[in-house]
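So the structure is just underneath, and the comments pick up after that.
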Amino acid sequence: MARKQSAQRKTHTPDPGNTRRWRSVRRQIDALDVATFNAIAGTKSPLLDATMPRLTRAADRSVLWIAIAGLMVLSGRARARLGAARGLVSIAITSLIANQVSKRIHRRPRPSITQVPAQRLAHRIPESTSFPSGHSASAMAFAAGAAAEWPALSVPLRMLAGLVGFSRVATGAHYPSDVLAGLALGETIAWLTTKVVPVERIDPMQDDLAVHAGKA
């Protein structure tokens with residue numbers, strides 16, 4: 001009986017070789033992450049200096065996405081109103097998970113900003129932990145949520161969300177992997193909302209009629 005228990009314990013013992021390989025992979029990924037951040041931070045670009053701080057500030061507290069949601073509502077289209085609502089709900093859920101759960105679990109320090117040009121630094125230096133990027137998560141949550149209701153917005157909104165994510169690296173706030181994780185989180189939450197509350201199919205003709213009626 002004792003031999004059987006000993007044999008069972010041996011079968012459940014982690015393989016040291018696998019552990020070492022996993023740690024090696026982690027180190028390589030971290031090294032690539034830091035190298036990519038340093039390459040972007042060290043790039044001398046007046047265009048990045050002029051645009052990235054403004055874009056990242058616009059996305060502070062999701063102001064950018066709230067403004068876009070407002071414009072969607074004012075368009076008068078039923079699918080635009082539904083898209084704005086789903087996008088904002090997706091932001092609320094994603095922000096809660098990213099900032100109150102993920103950041104408390106993954107207490108990753110922020111990257112060093114010594115290499116980032118002073119004029120490109122974010123106006124507000126974040127004090128929270130780095131993983132994942134809350135700005136990126138909220139950006140993609142809104143883009144994917146709104147696009148689920150109004151597919152025509154999928155490309156422009158996702159491109160804008162990607163630029164917001166890039167701005168977080170360019171301004172020294174996050175590592176690239178923080179941004180990728182945030183984008184993936186936002187996309188996932190928006191997708192899950194369509195499982196809880198399925199997308200309402202709207203007749204395009206009726207949608208256009210509603211717009212024309214509103215303008216009349």
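The values are calculated or read from the model by the stated rules, or taken from the named source; none is laboratory data. This is a predicted model, so every value here is computed, not measured. Every residue, glycine among them, receives a Cβ derived from its backbone with ideal geometry; neighbour counts consider all protein chains shown. In case anyone asks, the SASA skips ligands and DNA or RNA and just uses the protein heavy atoms, side chains included. Shrake-Rupley method; radii C 1.70, N 1.55, O 1.52, S 1.80 Å.
Would you mind telling me the share, in percent, of accessible area of the chain contributed by carbon and sulfur at probe 1.4 angstrom? Write out the running numbers ahead of the final one.
Working: 8080 of 12670 Å².
Ligands and nucleic acids excluded, carbon and sulfur reach 64 percent.
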Study note, to complete from the structure: Once both label points are put 7 Å beyond Cα along the C-beta direction, the Val155-Val63 separation in nm becomes 3.0
Practice item. Please give, to one decimal in nm, the separation of the simple spin-label points placed at Leu192 and Thr36, each 7 Å out from Cα toward the Cβ. Key: 2.4
Practice item. Please work out how much accessible surface Trp22 shows to a 1.4 Å probe, ignoring ligands, DNA and RNA, in Å² rounded to 10. Key: 150
Practice item. Measure nothing fancy, just the Cα-based angle from helix 46-58's long axis to the longest principal axis of the chain, in degrees from 0 to 90, nearest 10. Key: 80
Exercise for review: Tell me the label-point distance for the pair Arg26, Ala50, using the 7 Å Cα-to-Cβ offset, in nm and rounded to one decimal.
Suggested key: 4.4
Check your understanding: For the stretch 164-173, what does the Karplus curve 6.51 cos²θ - 1.76 cosθ + 1.60, with θ = phi - 60°, yield as ³J(HN,Hα) per residue in whole Hz, taken in order and with x for Gly and Pro?
Key -> 4, x, 4, 5, 5, 7, 4, 8, x, 7
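How large is the accessible surface per residue of the chain, computed with a 1.4 Å probe and reported in Å² as a whole number? Could you put the intermediate results ahead of the total?
On the way: 12670 Å² over 216 residues.
Result: 59 Å² per residue.
Could you tell me whether the stretch 81-145 comes out rounded, prolate or oblate from its Cα gyration tensor? Rule is a ≥ b ≥ c as square roots of the eigenvalues, rounded for a/c under 1.5, then prolate if a/b exceeds b/c, otherwise oblate. Display every interim value, and only then the final one.
Working: a/c = 3.53, a/b = 1.66, b/c = 2.13.
Cα axes put the stretch 81-145 in the oblate bin.
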Revision key, fill the gap. Looks like the chain, by Cα gyration tensor root eigenvalues a ≥ b ≥ c and the a/c under 1.5 rounded cutoff (else prolate when a/b is bigger than b/c, oblate otherwise), is oblate
Review point. Going by the alpha-carbon gyration tensor, a ≥ b ≥ c the square roots of its eigenvalues, is the stretch 110-169 rounded (a/c under 1.5) or, if a/c is not under 1.5, prolate (a/b greater than b/c) versus oblate?
Key: prolate
Check your understanding: What does the accessible area of Arg27 come to, in Å² to the nearest 10, when a probe of 1.4 Å is used?
Key -> 150
Exercise for review: Convert each backbone phi in the stretch 66-73 into a coupling constant with the Karplus relation 6.51 cos²θ - 1.76 cosθ + 1.60 (shift: θ = phi - 60°), then list the ³J(HN,Hα) values in order as whole Hz, x for Gly and Pro.
Suggested key: 5, 5, 5, 4, x, 5, 5, 5
